[in-house]
Amino acid sequence: MSYHQDGLLDIFVGVYVLSFGFGILLMTVTEFSTWFVIPAIFPAIMVPIWVSAKKQITMPRIGYVKFGSRGANKLLAIFIGLMVAGLGVFMAFTFASKSQAWALTLRNLIIPNGMIIIGISAAAISSLFAYTMGLNRLYAYGILTLVLFLTGHFITIPFGYFLLTIGLVIIINGFVLLMQFIRKHPLLQGDETHVEKSL
Amino acid sequence: MSKNPSDLKTIDRLIHEPSRLMIMTQLYVVESADFLFLQHQLQMTPGNLSSHLSKLETAGYVEIVKEFIERKPHTALKLTRKGRSAFKEYQQNLKQVFNDLPK
């Protein structure tokens, strides 16, 4: 049994991807150039909500387990590394899209193949998480992202719309998983009290 | 084949019982878990689980910490150092028994 069968991870990742999408669309429409502030502040707001949701929804249903700090630290290191790398790629993409002389080389490399680069990177990151966390549905998200971005390389649709599509698909799947989880694991009454008496 | 059938006597029977083996295995791979988690993982009734936990606690293999979190009773379980080394020894002894069997 995985601790992420509850779909909460999907909902929050989906909202995170949506925030990227809205940020980029906002930049396209309003020339709001610091769009990356939105996904950057997102974790600070959403992580406490996620922790609280885990406490309210997941733990009362399937209990609580604390893994050793060694494995958790490894996963956290991978996560932080990937977040920093991802933000770096997006910032490089943003800077390269402006006509600064020093960024020309980068621009010539990234801009024509931007969708392919991001698609492959996102699929690779997704697969890495799927492998590390044992969550097969993350492979599906990776494939979806890759297919959409490869399609986007050939069709001229604003980049933000692809992110909105991916985000929405992940959120919907998250809610479906959450409903299934709640149905499969109804709240049990009295188990802990029973233990308190019997142990 | 095991050179001496009495080698089987080295197997810790307290751990060898299937339900307790599952409990020990679950707790071995985590730092701690609560009662509800084990119950869901092992598909055991509360009474059965608490009975096995009591035996493991008596042997000094499992530490049971009872506390209140947000006014609700909560039972945290973890392997003691003795329990961890007993489980490792159990693993080695069982492996040895199988290694000694003819192929």
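Observations
- Number of residues in region B:42-63 that are over 13 Å from the mean Cα position of the chain (by Cα) and surrounded by fewer than 17 Cβ atoms within 10 Å (Cβ to Cβ): the value is 4.
- For B:Gln96, the conditions (1) farther than 29 Å from A:Gln5 by Cα; (2) in contact (Cβ under 8 Å) with a residue 24 or more places away in the chain; (3) surrounded by 16 or more Cβ atoms within 10 Å (Cβ to Cβ) all hold with the exception of (3).
- Where helices (runs of 4 or more DSSP H) sit wholly within region B:1-89, those with at least 3 residues that are away from every other protein chain (no Cβ under 13 Å) occupy B:13-16, B:18-28.
- With respect to being at pLDDT 90 or above and surrounded by 19 or more Cβ atoms within 10 Å (Cβ to Cβ), B:Ser85 falls outside the description.
- Within region A:37-53, the set of residues being closer than 15 Å to A:Asp10 by Cβ and more than 14 Å from the chain's Cα centre (by Cα) comprises A:Ile49, A:Ala53.
- In this entry, A:Leu188 is excluded by the filter for residues that are at negative phi, more than 14 Å from chain B (Cβ to nearest Cβ) and either assigned to a helix (DSSP H, G or I) or at pLDDT below 90 (or both).
- Residue check, A:Gly68 surrounded by 15 or more Cβ atoms within 10 Å (Cβ to Cβ), small (Gly, Ala, Ser) and at pLDDT below 80: no
- Whichever residue in region A:25-42 is more than 16 Å from A:Gly88 (Cα to Cα) and assigned to a loop (DSSP other than H, G, I, E, B) and, among such residues, is modelled with the highest pLDDT: A:Glu31
- Lone unmet requirement of (1) surrounded by fewer than 15 Cβ atoms within 10 Å (Cβ to Cβ); (2) in contact with a Phe, Trp or Tyr (Cβ under 6 Å, 6 or more places away or on another chain) for B:Ile15: (1)
The values are calculated or read from the model by the stated rules, or taken from the named source; none is laboratory data. No experiment lies behind these values; they were computed from the predicted model shown. FYI the Cβ positions are ideal-geometry reconstructions off the backbone, even for glycines, and counts take in every protein chain you see.
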